[in-house]
Amino acid sequence: MEQARLFLAIALSFLIIFGWQFFMAEQEGVPPTPPQTQTAETGKAADAPATPLPSSETAASQSPAIPQQAQAGTDQPARVITVDTPLYIAKISEKGGAFTSLVLKNYRESAQKSAPLKALIPKDLPGGTIHTAFSGGDFPNLDHTVFTAATYEDALSVSGAPQDLVLSWTSPGGITMEKRFKFSPDTYLVGLDITVKNQTSLPVEGMLSIGLSGHSPEKEASYGFEGPSALINNGLEQIKIKSIKEKNTYEGKIGWTAIESRYFFTGVIPKAVEDARLHLSVNNDNLLESQYIVPEVKVDPATQKTVAFDLFFGPKSLKILSQYNNGLERLVHFGMFHIIAKPCLWLMNYIYSVIPNYGVAIIILTIIIKAILWPLGNKSYGSMNQMKKLQPLMAEIREKHKDDKKKMNEELMGLYRTYKVNPMGGCLPMVLQIPVFFALYRMLYEAIELRHAPFGGWINDLSAPDRLFQFDFSIPFMEPPYGIPVLTIIMGATMLLQQKMSPPPGDPTQAKMMMMMPVVFTFIFINFSSGLVLYWLVNNILSIAQQYYIGRKNA
């Protein structure tokens with residue numbers, strides 16, 4: 001009975017957790033605002049004061065020489081500047097001044113050593129990402145405008161000190177936009193200063209925006225999160241794609257905006273956190289746009305105004321993001337059990353620093369968690385053992401009063417009181433452990449440390465399902481690649497053994513259902529990452545050992 005309740009509680013918890021991801025935490029929509037490229041709205045002026053335009057001599061001393069062809073205003077095709085740093089290789093096009101490619105040198109697309117480097121910007125993403133717009137003056141759609149890079153070279157190597165790449169464009173009316181990128185060799189952050197220069201005799205007002213682009217997830221993640229997110233008023237907002245139709249605009253003090261995948265993200269981080277607006281959109285081609293819109297900017301004649309940002313292209317690594325002190329570490333979030341999962345991640349990484357194998361680290365972490373919860377397990381298995389001793393008497397009562405359910409329940413309750421047994425005593429301590437189980441589950445699912453991390457034997461990627469051999473034919477209930485899920489089958493066998501060690505339910509129908517639970521869980525886990533299966537397997541083995549020990553002790 002108790003083991004039945006335990007498995008039912010865990011299965012129900014799975015349904016509750018998955019259901020939470022789809023149906024809870026929805027917010028009411030607000031009317032969408034017009035795109036920033038339309039007429040400027042009245043808003044808060046940027047705090048930074050306008051500065052006079054530098055003289056020609058000062059400008060010449062501060063910026064690299066601009067190619068003479070660009071200075072003469074001759075039409076020219078857009079060049080692509082390649083920036084090579086120790087951490088990534090980026091390509092920035094003069095068309096729109098956008099990033100059209102960025103590959104990470106320390107990560108690959110798959111676990112194979114020959115796999116290509118991980119690309120954060122898809123090749124088929126129209127126009128790339130990091131788009132800018134200004135609604136004032138006579139600026140056109142800057143996505144189709146060809147900027148001029150202030151360098152003759154098409155390649156920039158960043159190995160020692162940080163280096164700048166400056167792109168600029170001047171409208172026919174005399175308004176200049178300058179994008180100054182700062183690349184550093186030892187960080188995934190890229191500095192971006194956007195400067196609007198007013199060389200006319202009239203003030204210019206407008207809204208400045210910087211946008212991220214990406215493909216919308218093909219389907220909502222059943223667990224974890226992928227899509228647009230932001231830190232607004234010091235609170236994490238993770239916005240489901242289906243929710244954008246209802247609410248596409250968020251306002252407040254925005255610390256950063258991002259587009260997340262399971263293990264990586266691109267982000268925009270304003271240097272000055274102020275009241276701003278986040279506008280989201282998804283078009284029919286599944287193109288996701290996330291625009292950070294700055295409060296209204298006013299630039300007086302013969303002055304300029306600069307808004308400073310950091311960009312991020314890289315991994316969702318708590319260790320890396322915690323170094324920046326800009327709130328990006330909040331992006332690594334493990335849902336409702338984050339307060340438990342985060343210390344588990346720290347402990348797993350600490351174990352890895354001593355024993356550099358994440359599979360071994362998971363095993364040791366599971367043992368430590370089991371040791372902490374050992375007293376709860378003792379109470380649970382002790383109560384289950386007492387219930388097992390009462391099974392013959394309970395069977396007699398059920399047989400004697402099988403036609404009178406009320407009398408049968410009264411006799412059973414009297415039996416529990418006589419032997420001082422709590423029928424829920426075996427279930428409640430185990431239910432208290434469920435938050436720990438799901439915290440570890442979520443952490444192991446999303447921790448980038450496990451991505452492509454080998455364990456041993458056929459398990460060369462703890463973030464992928466375990467498959468021994470590779471088959472060319474499909475297998476029911478199994479997602480590709482197809483193979484033998486050895487670790488999952490062993491885990492299912494341990495669940496079956498644990499079920500047989502537990503007191504059988506009195507109801508024959510319930511007993512049959514409980515014998516099916518190991519099979520059901522095996523099929524549930526067949527597509528889970530091997531790191532998750534390893535954790536559950538080790539936990540089952542430890543539970544069997546504890547259950548056997550308590551049974552022998554109380555025999």
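FYI, it's all coordinate maths here, none of it is from the lab. Since this is a predicted model, take the numbers as computed values, not measurements. Glycine also receives a Cβ, built like all others from the backbone with ideal geometry; neighbour counts cover every protein chain displayed.
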*Euclidean distance between Cα centres, the stretch 268-302 to the stretch 160-217, Å*: 13 Å
*Return a single number: how many Lys pairs in the stretch 64-216, at a sequence separation of 8 or more or on separate chains, have alpha-carbon atoms below 13 angstrom apart.*
5
_Hits among lysines - C-alpha to C-alpha of LYS370 under 20 Å, sequence gap 8 or more where chains match_ = LYS342, LYS379, LYS553
*Report, please, the projected area of the stretch 435-531 averaged over directions, based on the convex hull of its C-alpha atoms, in nm².*
7.7 nm²
_the stretch 84-163, relative contact order in percent, only Cα pairs under 8 angstrom and at least six apart counted_ = 32 percent
*Please state the equivalent ellipsoid semi-axes for the stretch 87-213: what are the square roots of 5 times the Cα gyration tensor eigenvalues, largest first, in whole Å?*
31, 16, 12
*Using the Kirkwood radius built from alpha carbon pairs, what does the Stokes-Einstein equation give as D for the stretch 240-389 at 25 °C and 0.890 mPa s, in µm² per second?*
124 µm²/s
*Could you run the Karplus curve 6.51 cos²θ - 1.76 cosθ + 1.60 with θ = phi - 60° over the stretch 199-204 and give me ³J(HN,Hα) per residue in whole Hz, x for Gly and Pro?*
9, 9, 9, 10, x, 10
*Principal axis lengths of the stretch 223-317 from Cα atoms, whole Å, largest first?*
52, 31, 26
*Order by protection proxy (mean Cβ within 10 Å, highest first), peptides 444-453, 407-416*: 444-453, 407-416
*How many nm separate the modelled label positions at ILE339 and ILE367, each set 7 Å beyond the Cα in the direction of the Cβ?*
3.0 nm
*When N is the residue count of the stretch 349-397, what does its C-alpha Rg come to as a fraction of 2.2 N^0.38 Å?*
1.92
_Need one word for the stretch 334-441: rounded, prolate or oblate. Basis is the Cα gyration tensor (sqrt eigenvalues a ≥ b ≥ c); a/c below 1.5 gives rounded, then a/b vs b/c decides._
prolate
_Vicinal HN-Hα couplings computed from phi for the stretch 102-118 (Karplus, 6.51 cos²θ - 1.76 cosθ + 1.60; Hz; Gly/Pro x)_ = 7, 10, 8, 6, 9, 9, 10, 5, 9, 6, 5, 5, 8, 5, x, 5, 5
_Interchain or long-range residues, amide H under 5 Å from GLU226's placed H_ = ALA221
_Sorted peptide list for 152-158, 434-440, criterion being average Cβ within 10 angstrom, highest first_ = 434-440, 152-158
*List every residue whose amide H lies under 5 Å from the amide H of THR303, counting only residues 5 or more places away in sequence or on a different chain, with H placed 1.01 Å from N in the peptide plane.*
LEU53, ASN198
*Which net charge results when you count Lys and Arg as +1 and Asp and Glu as -1 among the other residues whose beta-carbon is under 12 Å from that of ASN106?*
+4
*Taking 0.36 nm per intervening residue step and subtracting the Cα-Cα distance, what contour gain separates TYR223 from GLU396 on full extension?*
57.7 nm
